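Have a look at the structure below before the remarks.
The values are calculated or read from the model by the stated rules, or taken from the named source; none is laboratory data. Because the structure is predicted, anything quoted here is derived from the model rather than measured. Cβ placement follows ideal geometry from the backbone for every residue including glycine, while neighbour counts extend to all protein chains displayed.
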Amino acid sequence: MSDTKRTRRAVAAYLETLPTPDKAQVDGKVLPDAIATMQKTRNLCAAHSARARWRTIMTSKMSKLAAAAVIVAAVLSVTVFDGLTKPAWAWEDAIEALKGFKAVHVVGAFPGGTAEVWMRANTTKTQSTDVIVRGSHGAITWSRNGSTYHYEPSQNTVYYEHALTVGMAQWLGPKLLEMLSSAENAQVMRGKDPATGRDRVTLMCSLIDVHGAQSWIIEFDAASKLPVAMKQWHNLDRSGPPAFDAFKITYYEDLPDSVFEVRIPGQPTYVQKPLAIPEENIGLLSDPSDGMAAEGMTQQEAAERIARAMYQAVMDGDLATLKELAPACKNWGDEFLRSVVVKSSQDDRIAEVLEIGQISETGHSKLGPIVALPVSVRRQDGVKARQKMIVQFRQLGSTPSCVVHGPYGLPQEIE
């Protein structure tokens, strides 16, 4: 029997064992996709002993899936699509179809296994807030009270970090599809599902962001305007096995808290994951003309100064300054920066920096020390939120300096 047939049989057997959550309000539309924005996290650890442990985790079968179920487009992690044609399909209908759902259950395959993902949106339906990923090999990744945990059963260890590093910064609804509808380089094709005879609309797109190259195929049911299948690759040409293949999705109006409860057997060891940034991003942060000088200042003083200036650039819509302080934005289109980061016409745009706290985590990259700085802001809609930003310190030539790498996890609403 071929690997493909074995995989299909294993998946079919696995689906039959999945429980139905009590008291959940089910819409009745079971769909294979919508995690169309899950991206692989590549934040391998930088501290010596912790780095070795984390590399061991990330080689496990379940961790490859957990690494795929992460942030979509945080404050400075914006998706940029790569050169196709303007969609002619009515995205507005699909946007409307998704408005009533606050939660989703996804079952999918990744190299080495299968997993189910439960996610629930925040009250404003702008991002996920509760997430749990259960793998076919017993590993579990989940979020709770602003932190993220990963249980590795083979090591009887729970690895954690004080940030929401699993989930979606653009919820599976209007905001996500509004982003897709504004892309001038996605290719849309029409066809029929040979098994059901139903009309299908397929979106093909690719992107490059701070996590590297990504490409997707997203299939929609033409009648319901809802996603029915998705595959994602970590390259621009959809070559090789997909990193994640979502083949079953159910949308819910809401889910009970019990779905997100986690009980770990025995007494596992808890280990904190060190703060790190992807090594492939070092080049983006290495231009001495970017950032701010840090000479004569403590790390707290320099990090606070550059973070305040960056947020001011966002509020002012000053894209030139934003790209200089956060150089990962340099290759992103101005239209995306204005719509997803600046949000000049949206109620959830940043209106005021309320407080910048003390450095909460530290780490190290090839360029030098990195720190996570908590920043509290007020949005235009009155909601207050807290976001951690990673600042990279550098010694390029004779003058020490720093740049903003980007967000450390998803923002958290605090009021």
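Answer yes if at least one residue in the stretch 137-156 is touching a Phe, Trp or Tyr at 6+ places or on another chain (Cβ under 8 Å) and without any contact (Cβ under 8 Å) to a residue 24 or more places away in the chain, and no otherwise. Yes; the residues of the stretch 137-156 include at least one that is touching a Phe, Trp or Tyr at 6+ places or on another chain (Cβ under 8 Å) and without any contact (Cβ under 8 Å) to a residue 24 or more places away in the chain.
Just wondering, is there one or more residues in the stretch 254-264 that are in contact (Cβ under 8 Å) with a residue 12 or more places away in the chain, outside the structural domain of Ala351 (by TED's automatic domain parsing), part of a strand (DSSP E or B) and surrounded by fewer than 21 Cβ atoms within 10 Å (Cβ to Cβ)? Yes, the stretch 254-264 has at least one match. Answer yes if at least one residue in the stretch 160-178 is assigned by TED's automatic domain parsing to the domain that holds Ala229, crowded, with 19+ Cβ neighbours inside 10 Å, free of Cβ contacts under 8 Å to residues at least 60 places away in the same chain and among the aromatic types (Phe, Trp, Tyr), and no otherwise. For the stretch 160-178, residues assigned by TED's automatic domain parsing to the domain that holds Ala229, crowded, with 19+ Cβ neighbours inside 10 Å, free of Cβ contacts under 8 Å to residues at least 60 places away in the same chain and among the aromatic types (Phe, Trp, Tyr): present. The C-beta contact set for the stretch 337-354 (first residue under 19 Å from Ser376 (Cα atoms), second residue of a type in the set (Phe, Trp, Tyr), distance under 8 angstrom, 6+ apart or interchain) comprises Ile350/Tyr311; Val353/Tyr311.
Going through Val383, Val371, Val391 one at a time, which residue ends up being surrounded by 16 or more Cβ atoms within 10 Å (Cβ to Cβ) and over 19 Å from Gln312 (Cα atoms)? On inspection, the qualifying residue turns out to be Val371. Considering the stretch 357-400 alone, what residues qualify as being in contact with a Leu (Cβ under 9 Å, 6 or more places away or on another chain), of a type in the set (Gly, Ala, Ser) and without any contact (Cβ under 8 Å) to a residue 60 or more places away in the chain? Correct list: Gly357, Ser376.
One line per residue, one yes/no per condition, for (1) among the aliphatic types (A, V, I, L, M); (2) touching an Asp or Glu at 6+ places or on another chain (Cβ under 6 Å); (3) over 30 Å from Cys329 (Cβ atoms); (4) modelled with pLDDT under 80:
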site: Ser143; (1), (2), (3), (4): no, no, no, no
site: Tyr151; (1), (2), (3), (4): no, no, yes, no
site: Thr157; (1), (2), (3), (4): no, no, yes, no
site: Leu176; (1), (2), (3), (4): yes, no, no, yes
site: Leu180; (1), (2), (3), (4): yes, no, no, yes
site: Gly191; (1), (2), (3), (4): no, no, yes, no
site: Ser206; (1), (2), (3), (4): no, yes, no, yes
site: His211; (1), (2), (3), (4): no, no, no, yes
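Taking residues in the stretch 97-108 that are under 13 Å from Thr126 (Cα atoms) and modelled with pLDDT under 90, and partners anywhere that are in a loop (DSSP other than H, G, I, E, B) and of a type in the set (Lys, Arg), the pairs with Cβ atoms closer than 9 Å and at least 6 places apart or on different chains are Leu98/Lys225; Lys99/Lys125; Phe101/Lys125; Lys102/Lys125. Scan the stretch 134-170 for residues that are more than 13 Å from Gly409 (Cβ to Cβ), in contact with a strand residue (DSSP E or B) (Cβ under 6 Å, 6 or more places away or on another chain), of a type in the set (Ser, Thr, Tyr) and not in a strand (DSSP E or B) and the total you get is 1. If you filter the stretch 273-290 down to residues that are within 13 Å of Ile370 (Cβ to Cβ) and surrounded by 19 or more Cβ atoms within 10 Å (Cβ to Cβ), you find that the one that is farthest from the chain's Cα centre (by Cα) is Leu285.
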